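Asker: Before we start, here is the structure in question, set down as structure tokens.
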Amino acid sequence: MSSSKQKIRSLLTFCTALVIGAALIVAPMTATASSKTEDKQMEDSWITAKTKIALFADARVKGRQINVETKDGLSMLRGKVDTDEAKNAAEDIAKRIDGVKKVKNELQVVPPSKHEAVEYKDEAITANVKEDIAKDSRLKGLKIAVKTNDGVVSLSGEVPDLITSADASWTAWKVHGVKYVKNDLTLKEKKK
């Protein structure tokens with residue numbers, strides 16, 4: 001065998017060993033990253049559950065009026081409460097939950113006498129936003145969740161790119177009665 005063939009064979013063997021070695025190193029790292037993501041999701045779910053229980057147990061607030069979502073230790077409070085005191089109490093309760101890093105208080109203060117009118121208007125806004133999203137060729141078929149709270153529309157779900165996310169926000173903004181659009185849409189991870 002000539003020395004050039006031996007060099008090529010040695011080089012190919014070395015490259016193959018590098019590829020196999022890299023695969024053996026990266027595979028456990030990928031599995032660990034996936035496991036860490038699942039652990040974070042479980043921890044966030046647990047924080048959400050503890051926060052809801054604490055809100056229901058505290059007489060200063062009506063726990064059923066408050067929606068709680070947690071992502072990476074950030075607890076988001078949404079819904080309608082009767083007074084500023086209830087809004088502040090809910091935030092205080094959430095901050096004291098073990099594992100909460102930060103609280104984003106998006107609670108709306110709506111006096112009980114106006115609840116029914118505001119809820120009816122919010123339902124109509126939600127229906128109109130969903131209808132407009134379904135009509136838009138770029139947005140229909142995507143799983144975009146829509147919630148309205150005192151005229152504030154919250155969008156959640158996954159979209160393929162930032163342009164689609166912006167289109168969804170703009171579509172919601174154009175609906176009559178919308179005061180603000182809260183875009184919580186996330187980008188789908190591209191498969192490698």
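Asker: Being open to solvent by 50 Å² or more (accessible area, probe 1.4 Å), in contact (Cβ under 8 Å) with a residue 24 or more places away in the chain and in contact with a strand residue (DSSP E or B) (Cβ under 7 Å, 6 or more places away or on another chain) is the filter here; which residues of region 136-159 pass it?
Answerer: Lys147, Glu158
Asker: Looking at region 75-91, which of the residues that are of a type in the set (Asp, Glu) and at pLDDT 90 or above is most open to solvent (accessible area, probe 1.4 Å)?
Answerer: So the residue we want is Glu85.
Asker: Out of the residues in region 49-74 meeting the condition of being among the small types (Gly, Ala, Ser) and at pLDDT 85 or above, tell me which one is least open to solvent (accessible area, probe 1.4 Å).
Answerer: Out of the qualifying residues, it is Gly73.
Asker: Here's something else I'd like to know. I need a count of the residues in region 92-104 that are under 25 Å from Val181 (Cβ atoms) and buried (at least 17 other Cβ atoms within 10 Å of the Cβ).
Answerer: Total meeting the criteria: 2.
Asker: Right, Asp136: within 28 Å of Glu85 (Cα to Cα) and modelled with pLDDT of 85 or more or not?
Answerer: Criteria not met by Asp136.
The values are calculated or read from the model by the stated rules, or taken from the named source; none is laboratory data. Not measured: the values here are computed from a predicted model. With ideal geometry, Cβ positions are generated from the backbone for all residues, glycine too; neighbour counts draw on all protein chains shown. Accessible surface areas use protein heavy atoms only, side chains included; no ligands, DNA or RNA. Shrake-Rupley method; radii C 1.70, N 1.55, O 1.52, S 1.80 Å.
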